[in-house]
Amino acid sequence: MFLYKKMELWSAWLTMYNRGEAPTVSASSSVSRPPLSFDGSVRQIKENMRWLPGGVSSNFRLGIAPTPLVFERGEGPFLFDIDGNRLIDYYLGMGPMILGHSPAGVRDAVKAQADKGILFAGQSAVETEAARRVCEMVPCAERVRFGSSGSEAVQGALRLARAATGRRIILKFEGHYHGWFDNILWSTAPALNAAGPEDAPVPVAGSVGQEAEAGGGIEVMAWNNLARLEARLAKGDVAGVIMEAAMCNAGAIHPGPGYLEGVREACTRTGTILIFDEVITGFRLSPGGAQKRFGVTPDLATFGKAIANGFPVAALAGRADLLDLFATGGVVHGGTYNAQCLSMAATVATLEALTPELFATLETRGTRLMNGIRDALAEAGIKASVAGFPQVFHVAFGLDQPARDYRDLTRINRLAYVAFTTALLKRGVRALERGAWFLSSEHDDAVIDETLAAVAAAARETKGEMSL
Ligand SMILES: Cc1ncc(COP(=O)(O)O)c(C=O)c1O
């Protein structure tokens, strides 16, 4: 009951925000330093609303507390907004900016490519080089097709799975997000009173206006439960299983011991295509993504985000016999901007920079940041779980154990966490309200120290909100 009350409060806040009625940061808040002001962003978002619904270009940029921000530029670990604030950025473009903002190597490669051409509606040397690198880095990648967004890449994967098996059903997991299209936006963040029992969840549409029939081929299960998945796959009628191999869109949840291996075996046994959605984990959890980190190779994998450090690139990679269905099996995949040259130049420059040394540094610094946040919250008396990976982790107020699946995440104290991220923002640190923290190679020890000082102060300020 209390949980629903909190969820209601949270959704009431979002509704207020969406109507432009949510409270903004008050200059009179008790902080030890003058809080930053975001008045310029508030004004600009209001003006934007004349042309852009909600003042923004994605629903996931709505509901940001105290306001969606408007930026002038980014450099390394920092963003600079139109109010003149310098913010240490842990949104990192919702994950892509693994080399930080505007890294020279990517900028230079894109500028050099711009002198040669932008879009050929044909192949280019830079596309070949990008494909070669993806196939060398990613275990499952015998072939790769490029596109512009993760949502699109997922569509290609679903189509290949159905084409290869002649089956219709795609199995997905509660809380896993695979893009915003009608046929897959199911049970990404369902209210528990609509989601059905834990052992037999019902698909819940993620959007008003979504075509109900598009979900006809979708079944939803709880993640991290191997026995249930094995039993379902044994019927032999599932085309594909799609999952984040580590659940990073909501939370940053590790697969349980043996889970991925078991899923791999069950898929192989039943002729089911295993798809890892590596849009977040790819080129972030390791140079070869989650599949390399966990040593489990899917049949297909989708990539986006960190593959090109902010350029709109996605990839669908996997077994040659599956990808070649695009060439010889009558399976259609298109896109005017697929392998656009500037994006390919950004891909090559980014992948070139993702060395083992860079990942070792991310591991060390990210671990220090996670431990520092954990300690500061404990010191302030805030019950929280800090879990995940040094390159992307999740802070969950109200949990004392790392979450195992979506239903665990519904117990988070989201309102108190929004108060915390708002308090952080006032101190110049921008972290996602949903709890995720992304790290870049540019967040050095000095930046982490500054962050941890802000975290300690914000935690002290927020402690009183824990009863929200
Ligand atoms: C795991 C996952 N898959 C797919 C997508 C969709 O990618 P895009 O937003 O590029 O369409 C996202 C986006 O956040 C994601 O996190």
inquiry  = In the chain, if the dipole is taken from +1 on Lys/Arg beta carbons and -1 on Asp/Glu beta carbons about the Cα centre, which of THR302, MET247, THR281 is farthest to the positive end?
reply    = MET247
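May I ask you to rank SER207, SER124 by accessible area, largest first, using a 1.4 Å probe over the protein chains only? Don't skip to the answer; put the middle values down first.
Numbers: SER207 55, SER124 15 Å².
These residues rank, largest area first, as SER207, SER124.
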inquiry  = Under a crude label model (7 Å from the Cα following the beta-carbon direction), how far is ASP237 from GLU142 in nanometres?
reply    = 3.0 nm
query = Taking the alpha-carbon centroid of each part, what is the distance from segment 263-326 to segment 398-468 in angstrom?
reply = 29 Å
task = Please tell me the relative contact order of the chain in percent, rounded to the nearest whole number, where contacts are Cα pairs under 8 Å and at least six residues apart.
result = 20 percent
query = Which angle between 0 and 90 degrees, to the nearest 10, do you get for helix 341-353 versus the longest principal axis of the chain when only C-alpha atoms count?
reply = 80 degrees
request  = Determine the dipole magnitude for the chain: charges of +1 sit on the beta-carbon of Lys and Arg, -1 on that of Asp and Glu, nothing else is charged, the reference point is the Cα centre, and the result goes in debye to the nearest 20.
outcome  = 520 debye
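Summarise the accessible area of the chain (1.4 Å probe, protein heavy atoms) by the percent that is carbon and sulfur. Intermediate values should be presented prior to the final figure.
Details: 10310 of 19310 Å².
Ligands and nucleic acids excluded, carbon and sulfur give 53 percent.
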message = Check which residues have an amide H placed less than 5 Å from HIS101's amide H, if you skip close sequence neighbours.
response = GLU75, GLY76, PHE78
inquiry  = Need the C-alpha centroid separation for segment 334-397 versus segment 129-194, integer Å.
reply    = 21 Å
task = Search the structure for amide H atoms under 5 Å from the amide H of PHE173, placed 1.01 Å from N in the peptide plane, and list their residues when 5 or more places away or on another chain.
result = MET221
task = Could you work out the relative contact order of segment 275-316, using alpha carbon pairs under 8 angstrom and six or more residues apart, expressed as a whole percent?
result = 41 percent
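Note down the Stokes-Einstein diffusion coefficient of the chain in µm²/s, whole number, using a Kirkwood radius over alpha carbon pairs, 20 °C, and 1.002 mPa s. Write down the numbers at each step before the final one.
Numbers: Rh = 22.9 Å.
Translational D for this selection: 94 µm²/s.
Out of segment 195-268, which GluC sites (Glu not before Pro) are coil in DSSP terms and have no more than 16 other C-beta atoms within 10 Å?
GLU198, GLU211
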note = With x for Gly and Pro, the residue-by-residue ³J(HN,Hα) of segment 227-234, computed from phi through the Karplus equation 6.51 cos²θ - 1.76 cosθ + 1.60 at θ = phi - 60° and given in whole Hz, is 4, 5, 5, 4, 4, 5, 5, 4
remark   = Sorted by chain and number, the residues with a modelled amide H under 5 Å from that of ILE218, at a separation of 5 or more or across chains, are ILE170
request  = Skip the ligands, DNA and RNA, and give the accessible area per residue of the chain with a 1.4 Å probe, whole Å².
outcome  = 41 Å²
key: Long-range lysine pairs (8 or more apart or interchain), the chain, Cα under 29 Å   = 21
Formal net charge of residues neighbouring GLY330 (Cβ-Cβ distance under 13 Å; K, R +1; D, E -1) = +1
ask   = Which whole-number percentage describes the relative contact order of segment 104-353, with Cα contacts under 8 Å and a sequence gap of 6 or more?
value = 31 percent
note = Note, segment 442-454: 3J(HN,Hα) by Karplus (6.51, -1.76, 1.60, θ = phi - 60°), whole Hz, Gly/Pro = x, goes 8, 7, 8, 4, 5, 5, 5, 4, 4, 4, 5, 5, 5
Residues of segment 220-234 with amide N under 18 Å of a point placed 7 Å along Cα→Cβ from ALA200 = 220-223, 227-234
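Run the helix sum for the chain: -39,500 (n - 2.57) per DSSP H stretch of 4+ residues, divided by residue count, reported at 222 nm to the nearest 500 deg cm²/dmol. Before the final figure, lay out each step's value.
Working: 15 runs with 175 residues, N = 468.
After summing the helix terms and dividing by residue count, I get -11500 deg cm²/dmol.
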note = If exposed means chymotrypsin sites (Phe, Trp or Tyr not before Pro) lying in a DSSP loop and surrounded by at most 12 other beta carbons within 10 Å, then the longest stretch of the chain lacking such sites spans residues 121-468
query = When DSSP assigns beta bridges and you keep just the ones with both residues in the chain, what percent turn out antiparallel, to the nearest 5?
reply = 60 percent
request  = Tell me the label-point distance for the pair ASP108, GLU230, using the 7 Å Cα-to-Cβ offset, in nm and rounded to one decimal.
outcome  = 5.3 nm
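Note the full-extension length gain between GLN210 and SER467 as 0.36 nm times their separation in residues minus their Cα-Cα distance, in nm to one decimal.
On the way: separation 257, 0.36 × 257 = 92.52 nm, distance 3.57 nm.
This chain segment gains 89.0 nm when fully extended.
The values are calculated or read from the model by the stated rules, or taken from the named source; none is laboratory data. The structure displayed is predicted, hence computed values, not measured ones. Please note: Cβ atoms are built from the backbone with ideal geometry, for glycine as well, and neighbour counts cover all protein chains shown. Note: areas computed on protein heavy atoms with side chains; ligands, DNA, RNA excluded. Shrake-Rupley method; radii C 1.70, N 1.55, O 1.52, S 1.80 Å.
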